[in-house]
Structures are given as structure tokens and as C-alpha cells.
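All of the numbers you see were taken from the coordinates with simple rules; none came from a lab. Model, not experiment: these values are computed from the prediction. No Cβ is skipped: glycine too gets one built from the backbone with ideal geometry, and neighbour counts run over all protein chains shown.
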Amino acid sequence: MTQSFHPPQRTLMGPGPSDVNPRILEALSRPTIGHLDPAFIAMMDEVKGLLQFAFQTENELTFPVSAPGSAGMETVFVNLLEPGDKVVICQNGVFGGRMKENVERCGAQAIMVEDEWGATVDIDKAEQALADNPDAKALAFVHAETSTGARSDAQALCALAQKYDCLSIVDAVTSLGGIELDVDGWGIDAIYSGTQKCLSCVPGISPVSFSDRAANVIRSRKHKVQSWFLDLNLVMGYWGSDNKRSYHHTAPVNSLYALHESLVILQEEGLEAAWQRHALNHAAFAAGIEALGLSFVVAEEFRLPQLNAVRFPDTVDDGAVRTRLLNDYNLEIGAGLGALAGKVWRIGLMGYASNPQNVYNCLSALGNVLSSMDVKVNVSAAIAAAEGVYSS
Ligand SMILES: *Cc1c(COP(=O)(O)O)cnc(C)c1O
């Protein structure tokens with residue numbers, strides 16, 4: 001007979017999922033109730049308010065899509081675009097490429113603005129593309145490129161979109177909860193995120209938010225949204241603010257308890273405090289990584305504190321190092337993706353996992369494994385460098 005599944009206890013320091021706070025796992029295991037139960041609907045209202053807090057927005061159309069970040073991405077594109085529309089997409093990693101796929105599947109045209117992997121999105125090139133394409137409906141970009149660890153200037157890009165009378169579409173899957181994000185302050189029109197990165201919640205839910213301007217674009221569409229499940233005109237019958245909530249699909253009830261708890265935790269800590277914690281643990285980790293003789297892909301000013309893309313010497317067997325970390329230290333770090341495959345590790349310090357203990361454990365585990373493979377590294381210097389950052 002097949003036995004119950006008991007996963008190993010890992011420390012998750014990859015590109016997501018990140019370690020889930022035990023408080024969130026406990027919330028997940030509370031009794032399932034009906035998705036139209038008045039008690040559940042009251043909790044849904046709280047989730048919406050908490051998401052408005054996390055996104056820093058008063059957008060009425062703010063709710064969690066019942067599917068992972070990729071579905072949040074698709075929700076934004078299928079609802080805002082119609083066949084024949086044009087979208088300028090800034091790509092500096094894997095996820096901008098997925099935006100292109102989404103745009104083309106909507107029958108719309110993607111104008112690509114490409115930057116190097118590891119670079120930030122170039123504002124001047126984005127502006128040139130908007131000037132060359134005055135009929136573009138939207139400017140889309142990834143705030144925190146998880147494939148490279150680069151942060152782009154979302155505020156400046158949204159200001160550009162406004163200047164050229166375009167909607168701004170922002171991928172904030174890895175940024176929400178980890179670095180500054182201000183939906184109303186920056187004038188973001190459509191944004192999607194994920195639960196399993198800096199919110200340290202279980203995977204499978206995608207918070208989204210739309211400005212009134214974007215909501216009006218959705219309401220005044222000429223064609224039906226191509227996806228029945230993601231059509232916000234229908235989903236709003238369930239998540240909308242009128243009191244007649246009606247069945248659309250069965251909400252992932254327990255996962256929404258988990259999201260609620262993760263947002264309560266974020267509210268208790270405070271947004272700024274959460275951003276500062278990510279910044280401090282990154283600084284300590286980066287000092288340690290450099291003391292080990294390893295280097296970062298991204299220039300210091302554009303680095304994401306929650307996702308460290310670290311180059312390793314050519315002689316190192318990438319897969320063997322990650323296997324040793326997993327088997328001997330129960331530590332998961334991520335491999336490189338796309339153009340950076342086989343060249344970097346992606347080491348996450350996201351949400352609950354962004355803490356000094358993980359910084360020290362990862363530096364010593366990585367240092368020990370490299371040492372055992374005859375790479376010359378000084379593990380105690382790395383620990384001392386991280387300690388130096390915490391004590392200064
Ligand atoms: C993880 C990620 C996604 C996809 O989210 P899933 O929950 O894996 O579907 C999209 N964009 C970025 C930037 C991500 O890091």
C-alpha cells in the first residue's frame with residue numbers, strides 16, 4: 001500500500017517557493033468551510049483590505065486569483081488586451097518573455113525592448129519604443145526579475161506609461177513584500193504577484209490589482225475575454241464588493257486562510273520594516289559571498305535583496321554542488337535559468353526565509369561544499385564578513 005507522504009524538512013533558499021512561516025501552515029490546516037459561508041465572505045473582505053495595504057492601493061478591483069503567479073499574469077493580459085492591440089514589453093530576463101507569449105496569444109502585437117540579462121530595464125530605450133509606437137495600449141515590465149536578480153525602476157517606467165497615455169502592467173511576483181512597491185503612488189494600472197515568494201505563503205494564489213482606468217478598459221471591451229475562468233467580468237460576481245456574491249468557482253478556501261495569515265504577519269511587521277529586513281540580510285549575505293571569492297551578476301545598485309544571482313568559477317560542477325547542499329544540508333538553492341543556466345546560482349532570501357540564521361547557514365554550507373571540491377574558499381572569512389554587517 002502507498003503510504004502517507006511526509007516531505008523532508010528543507011530550508012528553501014531558491015527562487016521560490018520560500019520557507020512558509022509555521023503560523024501560515026497552522027492557518028492552512030483550520031477547518032474547511034463553504035466558499036459562500038458568511039464567515040468565509042467576511043474573511044474575503046479582510047483579504048481584500050490586507051492586499052490593498054500590501055500593494056499600497058485603494059483600487060476597488062484588488063483580489064487574489066485562485067491560481068499561481070502565471071495565472072495572475074494571464075489574468076492581466078487577457079482582460080486588458082483585445083485582438084490587434086499593441087503592447088511595449090521590456091524584457092531583461094525569463095519573465096518578460098512570458099509576457100510576450102501572453103500578448104501574442106491574445107492576438108495582440110508585442111513590441112520588444114530588450115536589455116541584457118542581469119541589467120535593469122533601460123528607461124531611455126523604453127521611452128524610444130513608446131515614442132515610435134504612439135498607438136501602444138500598454139507598457140509592461142517585470143519589477144523584480146527572478147531569473148537574474150535585477151530590480152527595475154517601476155516608478156520611472158509607470159511615469160513613462162502615463163506620459164505616453166498607456167496603461168502600465170507590472171509583474172510584482174517577487175517584489176511584493178520584499179522591496180518598495182507603491183501601486184497608487186507610482187500610478188500602476190495593472191499588477192499581479194504571487195504568494196510563494198516574499199509573502200512566504202503556500203504557492204498557488206496570485207494577488208492582482210487594477211486601477212479604475214484599467215477596470216474601465218475591461219468593462220468596455222468589444223470582445224469577450226478569451227478565457228472563461230479568468231474573465232474578470234465574471235469573477236467579480238464572486239469577489240466584487242456588492243453583497244450578492246455568487247458562485248463562479250470554488251475558492252481554494254484553506255489556501256486563502258493561509259494568504260490571510262501571511263498578510264496579517266506582513267501588517268504586524270510593517271511594510272518598511274519588511275523591506276529593511278530584506279535589505280539587511282542581503283547586505284550580510286553579499287558581504288559573505290564576496291568574502292568567499294564569488295561575485296554577483298547584477299550591479300550593486302540594481303540588486304534585489306530577495307534574489308541573489310551568484311556567479312561561480314567555471315571549474316565548479318553546478319549540479320553536484322546543489323545536490324550536496326540538498327542531501328547533506330537540506331538546503332535548496334536555485335539553478336540559473338535561460339541565458340544564465342549553468343552559470344549562476346539563484347539564492348533566495350525571501351520573506352520568512354530572510355533571516356540571519358539562513359544567511360550564516362547558507363554561507364557555511366556553500367563554503368564547506370566548495371572546499372570539499374578543492375575550490376579555495378575561506379569560510380570563516382565569509383562568516384566574519386556577514387557578522388560585520390550585522391554588528392555595524
Ligand atoms: C515566480 C514568478 C512568476 C510565476 O509565478 P508562479 O507562481 O510560478 O506561476 C512570474 N513572474 C515572476 C517575476 C516570478 O518570479
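At 27 angstrom or more along the helix axis (alpha-carbon based) and mean Kyte-Doolittle of -1.0 or higher, what helices does the chain contain? Whole DSSP H runs only.
For the chain, where a helix must reach 27 Å along its axis and average at least -1.0, the hits are 271-291.
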- Query: How much of the DSSP beta bridge set in the chain is antiparallel, as a percent to the nearest 5?
  - Reply: 50 percent
- Note on the structure: Net charge (Lys, Arg +1; Asp, Glu -1) of residues whose beta-carbon lies under 14 Å from that of Leu266, Leu266 excluded, is -3
- Item | Computed FRET value (nearest 0.05) for Lys343 with Lys376, which takes r as the C-beta separation and R₀ as 22 Å | 0.65
- Task: Taking only Cα atoms and a 10 Å spring cutoff, compute GNM fluctuations for the chain and point out the largest among Lys86, Lys125, Lys48.
- Result: Lys125
- Ascending count of other beta-carbon atoms within 10 Å, so fewest first, for Glu127, Glu114: Glu114, Glu127
- Task: Just add up the charged neighbours of Leu130: K/R +1, D/E -1, any other residue whose Cβ is under 13 Å from the Cβ of Leu130.
- Result: -2
- Message: Can you compute the modelled spin-label distance between Asn327 and Asp135, with each label point 7 Å from Cα toward Cβ, in nm?
- Response: 5.9 nm
- Query: Pick from Ala42, Ala251, Ala291: which is most flexible by mean-square fluctuation in a GNM of the chain where alpha carbon atoms under 10 Å apart are linked?
  - Reply: Ala42
- Note on the structure: With only helices counted (DSSP H, runs n ≥ 4, each -39500 (n - 2.57)), the per-residue ellipticity at 222 nm for the chain, to the nearest 500, works out to -13500 deg cm²/dmol
- Taking the Cβ of Ser18 as the centre, find all other residues whose Cβ is under 13 Å away and add up their charges (Lys, Arg: +1; Asp, Glu: -1). +1
- Message: Test of understanding: in a Gaussian network model of the chain with alpha carbons linked when under 10 Å, which of Ala138, Ala283, Ala299 would top the mean-square fluctuation ranking?
- Response: Ala299
- Task: Can you spot the lysines whose alpha carbon is less than 29 Å from Lys125's alpha carbon? Ignore those fewer than 8 places along the same chain.
- Result: Lys86, Lys100, Lys137, Lys163, Lys343
- Query: With a 10 Å Cβ neighbour count serving as the proxy for reagent exposure, in which order, fewest first, do Asp115, Asp165, Asp153 appear?
  - Reply: Asp165, Asp153, Asp115
- Here D for the chain, in µm²/s, from Stokes-Einstein with a Kirkwood Rh over Cα pairs at 25 °C and 0.890 mPa s, works out to 113 µm²/s
- Task: Give the order of His6, His143, His278 when sorted by the count of other beta carbons within 10 angstrom, beginning with the fewest.
- Result: His6, His278, His143
- Efficiency by 1/(1 + (r/R0)^6): what FRET value for Asn361 and Arg213, r their Cβ-Cβ distance, R0 = 41 Å, to the nearest 0.05? 0.35
